[in-house]
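For reference, the structure is listed below as structure tokens.
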Ligand SMILES: NC(=O)C1=CN([C@@H]2O[C@H](COP(=O)(O)OP(=O)(O)OC[C@H]3O[C@@H](n4cnc5c(N)ncnc54)[C@H](O)[C@@H]3O)[C@@H](O)[C@H]2O)[C@@H](O)CC1
Ligand SMILES: [K+]
């Protein structure tokens, strides 16, 4: 059985892998994003218009890397940025610059969601720590009224320890959990939000 971890345990493993073992954060992000791309392609979704909705943390960084990897495979992909660019993580900034090179269309307007055939949700992962409000809430509600949705790591808005939304969460069709399953995904509430769960478990993150 695949082990389910708490957010605290996941963060400790990430930190250990990056700081003690020395595997760079961007290497982990690339491995996660390659797995997310491959799992997404294997589902045979309609990829005629893929929209990635990304926050400015590392979950969003994963989203941007997946955008680039899908674009390289010839998929029609665009990005919607949600949130405050002032809080951008350094990994996100790197991915964003790479996306510019590949000329991936990027906007902060949600309008393109209505014609998406597949939405990839990368607003929040395990970093969520307070209720969802404002433009985040609007974006999550818009995703929930759009197309088939794949959530990266955690359905955005969900507390991955309890499986209960922090005000509102994405209702995913598929959640691709990075490295480990999350404790809250085993609860009845969590299952309503995750949809099917696939654990991308060959990430190189230290396992004790
Ligand atoms: N190198 C790494 O550490 C790796 C991280 N990974 C990804 O990174 C994610 C975690 O990234 P982060 O720790 O950057 O966090 P997130 O990207 O989950 O969250 C981003 C930021 O949102 C802010 N925030 C939290 N709740 C909010 C709210 N309700 N409203 C507005 N802002 C809010 C937080 O301050 C946080 O900095 C994982 O879920 C996974 O997707 C993967 O790329 C694998 C490797
Ligand atoms: K997410």
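Out of 137, 158, I need the residue that is more than 8 Å from ligand 1 (Cβ to nearest atom), farther than 13 Å from residue 176 by Cα, modelled with pLDDT of 95 or more and buried (at least 17 other Cβ atoms within 10 Å of the Cβ). Which one? On inspection, the qualifying residue turns out to be 158.
Evaluate the following for residue 63: is it within 23 Å of residue 158 (Cα to Cα), within 11 Å of ligand 1 (Cβ to nearest atom) and in contact with a helix residue (DSSP H, G or I) (Cβ under 7 Å, 6 or more places away or on another chain)? No; evaluated as a whole, the condition is false for this residue.
Among the residues in the stretch 62-75, are any surrounded by fewer than 24 Cβ atoms within 10 Å (Cβ to Cβ) and either within 13 Å of the chain's Cα centre (by Cα) or at pLDDT below 95 (or both)? For the stretch 62-75, residues surrounded by fewer than 24 Cβ atoms within 10 Å (Cβ to Cβ) and either within 13 Å of the chain's Cα centre (by Cα) or at pLDDT below 95 (or both): absent.
When the stretch 66-86 is limited to residues that are within 11 Å of ligand 1 (Cβ to nearest atom) and touching a helix residue (DSSP H, G or I) at 6+ places or on another chain (Cβ under 8 Å), the one that is nearest to residue 139 (Cα to Cα) turns out to be 82. Please verify whether residue 17 is surrounded by 14 or more Cβ atoms within 10 Å (Cβ to Cβ), within 14 Å of ligand 1 (Cβ to nearest atom) and modelled with pLDDT under 95, treating the condition exactly as stated. The answer is yes for residue 17. Checked against (1) more than 22 Å from residue 118 (Cβ to Cβ); (2) within 14 Å of ligand 2 (Cβ to nearest atom), residue 84 passes all but condition (2). Looking at 89, 96, 115, just one residue is surrounded by 12 or more Cβ atoms within 10 Å (Cβ to Cβ) and more than 10 Å from ligand 1 (Cβ to nearest atom), and that residue is 96. Pairs meeting the criteria (first residue in the stretch 143-164 and under 16 Å from residue 80 (Cα atoms) and in contact (Cβ under 8 Å) with a residue 24 or more places away in the chain, second residue near ligand 2 (Cβ under 10 Å from one of its atoms) and in a loop (DSSP other than H, G, I, E, B), beta carbons under 6 Å, at least 6 apart or on different chains) are 143/170; 149/172; 151/170; 151/172; 156/123; 156/124; 156/170.
Of the residues making up the stretch 30-60, those that are in a helix (DSSP H, G or I), touching a helix residue (DSSP H, G or I) at 6+ places or on another chain (Cβ under 7 Å) and touching a residue at least 40 places away in the same chain (Cβ under 8 Å) are 32, 36, 58, 60.
Scanning the stretch 175-189 for residues that are within 15 Å of ligand 1 (Cβ to nearest atom) and either at pLDDT 95 or above or assigned to a helix (DSSP H, G or I) (or both) returns 175, 176, 177, 178, 181, 182, 183, 184, 185. In the stretch 123-142, which residue that is in a loop (DSSP other than H, G, I, E, B) and within 13 Å of ligand 2 (Cβ to nearest atom) is farthest from residue 83 (Cα to Cα)? If we take residues in the stretch 123-142 being in a loop (DSSP other than H, G, I, E, B) and within 13 Å of ligand 2 (Cβ to nearest atom), then 126 is farthest from residue 83 (Cα to Cα). Screening the stretch 190-204 for residues that are assigned to a loop (DSSP other than H, G, I, E, B) and in contact with a strand residue (DSSP E or B) (Cβ under 8 Å, 6 or more places away or on another chain) and picking the one that is surrounded by the most Cβ atoms within 10 Å (Cβ to Cβ) gives 203.
Taking residues in the stretch 186-208 that are on the phi > 0 side of the Ramachandran plot, and partners anywhere that are in a helix (DSSP H, G or I) and surrounded by 16 or more Cβ atoms within 10 Å (Cβ to Cβ), the pairs with Cβ atoms closer than 6 Å and at least 6 places apart or on different chains are 204/31.
The values are calculated or read from the model by the stated rules, or taken from the named source; none is laboratory data. Because the structure is predicted, anything quoted here is derived from the model rather than measured. Positions of Cβ are generated from backbone atoms using ideal geometry, with glycine treated the same way; all protein chains shown enter the neighbour counts.
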